[in-house]
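The values are calculated or read from the model by the stated rules, or taken from the named source; none is laboratory data. Values in this document were obtained by computation on a predicted structure and should not be read as measured data. Positions of Cβ are backbone-derived with ideal geometry, glycine not excepted, and every protein chain shown enters the neighbour counts. Remember, those area values only see protein heavy atoms, side chains included, never the ligands or the DNA or RNA. Shrake-Rupley method; radii C 1.70, N 1.55, O 1.52, S 1.80 Å.
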Amino acid sequence: MMIAQLAVGDIIRQQRDFFKTGKTKDVAFRIEQLKTLKKAVGEHLAAIIEALRSDFNKPEFETFITEVGVIQEIDYAIKHINAWTKPKKAASRLLEQFTTGAQIYPEPLGVVLIIGPWNYPFGLVVSPLVGAIAAGNCAILKPSEIAPHTSHVLADIIQKHFDPAYIAVVEGGVETSQKLLAEKFDHIFFTGGTAIGKIVMEAAAKHLTPVTLELGGKSPCIVDSDINVEHTARRITWGKFINAGQTCIAPDYLLVDKTIKQDLLDNIQKCIREFYGDNPVSSPDYARIINHKHLDRLREFLKDGEIIIGGETNPDDCYIAPTVIDNVSLEESVMQNEIFGPILPVISYTDVTEAIAIINERPKPLALYLFSRNKNLQKRVLQETSSGGVCINDTVMHFTVPSLPFGGVGDSGIGNYHGKASFDTFSHYKSVLNTSLRSDPKWRYAPYKGKLQMLKRSST
Ligand code: NAD
């Protein structure tokens, strides 16, 4: 927390000096720091869980799998870092006889900025940090002020375990973020809404700083009739209502084959009861909305369509019940904006062509879900739609696979991370051609007289 009091410019200067020492380029140093990070998360587990509970009553189980689960990213990086950091040989066919080697060297970018959102306020800052460390960078982290307890705990952990000249947390809101964005970084990794993503990209452009933008949007979920309805309902209910729906890749709305709709909705209702009891407000396993501003935003959506499950709210407690709404028109605000809360609109279709058209009329989503055993339909949806990622017959789980790069496309983001993709995001791949000085044939030097004919002959 004290780090926040240091001037941003001073921290950046200190980090630039530290980077210049070359210490972060040492792979052994990076491994040691990743281990420190893992140990720090483990040691402060109780504080992390408590902070998330204070911020929005996040259940411990959910904190464990969605925030502390970042430890798996750390383990994965430690396991693969030696392979990732090795220069890779490249083909050099044309110049074969004069070349001793063509190689691609990954090198760290320098001092990077990571700006986080409030919905997974710990995991979504620490996860990119793993990539930044593995790739050999210094980093400044700006967690979200909207989840202040988690922001403080993160600042505390980083301050206790890392030299601020290497990794620092700067806490604060929009003003702090803008102060940071006014500075020159070597990369900015931003997770948040699409509108703020544009502000970040504009600020970065002034310094020609590359950006990764992990943004949001409306992630559709198509449900075909060829499914196991019980399993489908359970997986949708889980993905939608975990974190009280405040998940960037939560299924935002359902596009359901009308022949299966009623059966699916009955099963979703059953799952909600199974997960959270008859009265979810007293369930220890159901989170709250982060603040009143978001609660009010979400309550407006409840005016659209017809509530068929849930719909209860309790403003004193920032509570909105797991809610399903039917008979929604595409023009209503719940279908025009990212929901980012526990409200699930349902739209039915007669032919999947209608569902695909609805998806393609909108900005490209971060995730697309399809429930169907029909392989031809799976292929068709993959071919005819574009999205950051796709998860077939499940929700959210693709996020947890480190070998799958995670990111958006179009309005849902630029770039990606997780596993090797995180290392790549925070690395520059330097192309190196190493030639021999042994011989020096003169074919490319002036005077060119007589050489062009030879060149034309050899290249045609
Ligand atoms: P947000 O864009 O409001 O805020 C994100 C960060 O930007 C915060 O740290 C905040 O302090 C900072 N910020 C806010 N306004 C700013 C401004 N004017 N100038 C500079 N910085 C500013 O996002 P949020 O409300 O924290 O998160 C919700 C959004 O994030 C949703 O749209 C969600 O889909 C998206 N999200 C995406 C992912 C992903 O992985 N793609 C993950 C989580 C959340």
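The alpha-carbon of residue 38 sits under 20 angstrom from the alpha-carbons of these aspartates and glutamates, leaving out residues fewer than 8 places away in its chain: 26, 50, 60, 62, 67, 73, 75, 156, 163. Compared with the dominant Cα axis of the chain, that is its longest principal axis, helix 375-384 is turned about 60°.
State, as an integer percentage, the relative contact order of the chain based on alpha-carbon contacts under 8 Å between residues 6 or more apart. Before the final figure, lay out the partial values.
Numbers: 892 pairs, mean separation 83.9, N = 460.
About 18 percent, as a whole number.
3J(HN,Hα) couplings calculated from phi for the range 418-423 with the Karplus curve 6.51 cos²θ - 1.76 cosθ + 1.60 (θ = phi - 60°) are, in sequence order, 5, x, 4, 4, 5, 4 Hz; Gly and Pro show x. Take the range 85-189 with all the other protein chains still there, run a 1.4 Å probe, and you get 35 Å² of accessible area per residue.
Accessible area per residue for the range 220-407, computed on protein heavy atoms with a 1.4 Å probe, is 41 Å². With angles folded into 0 to 90 degrees, how steeply does helix 8-20 sit against the dominant principal axis of the chain? Use alpha carbons for both and round to 10. Tilt relative to the chain: about 50 degrees. Model label sites at residue 453 and residue 428, defined 7 Å from Cα along the beta-carbon direction, differ in position by 4.6 nm.
The simple spin-label model puts a point 7 Å past each Cα toward its Cβ; for residue 231 and residue 89 those points are separated by 4.4 nm. Along the range 238-247 the Karplus relation, 6.51 cos²θ - 1.76 cosθ + 1.60 evaluated at θ = phi - 60°, assigns HN-Hα couplings of 4, x, 7, 9, 4, 6, 6, x, 8, 10 Hz to successive residues, with x for each Gly and Pro. Ordering of 444-457, 306-319 by packing is 306-319, 444-457, highest average first (other Cβ atoms within 10 Å, averaged per residue). Under a plain spin-label model, where a point goes 7 Å from the Cα along Cα-to-Cβ, how far apart in nm are residue 317 and residue 279? Rounded to a tenth, the inter-label distance reads 0.8 nm. For residue 189, nonlocal amide neighbours, meaning residues 5 or more places apart or on other chains whose placed amide H falls under 5 Å from its own, are 113, 114, 115, 212. The long axis of helix 261-276 is offset from the longest Cα principal axis of the chain by roughly 90 degrees. Each DSSP beta bridge with both residues in the range 220-407 is either parallel or antiparallel, and the antiparallel ones are about 20%. The HN-Hα couplings worked out from phi for the range 313-325 by the Karplus form 6.51 cos²θ - 1.76 cosθ + 1.60 (θ = phi - 60°) are 9, 9, x, 4, 10, 6, 9, 10, 5, x, 10, 10, 10 Hz, whole numbers, x standing for Gly and Pro. The share of accessible area on the chain that comes from carbon and sulfur is 54 percent, using a 1.4 angstrom probe. Separation of the alpha carbons by more than 18 angstrom is noted, of 35/86; 25/206; 25/430; 218/240; 218/293; 88/420, for 35/86; 25/206; 218/293. For the peptides 37-45, 391-399, the ranking by mean Cβ contacts within 10 Å, running from highest to lowest, is 391-399, 37-45. Packing, as the average of other Cβ atoms within 10 Å across residues, places the peptides 53-64, 8-19, 121-132, 142-153 in the order 121-132, 142-153, 53-64, 8-19, highest first.
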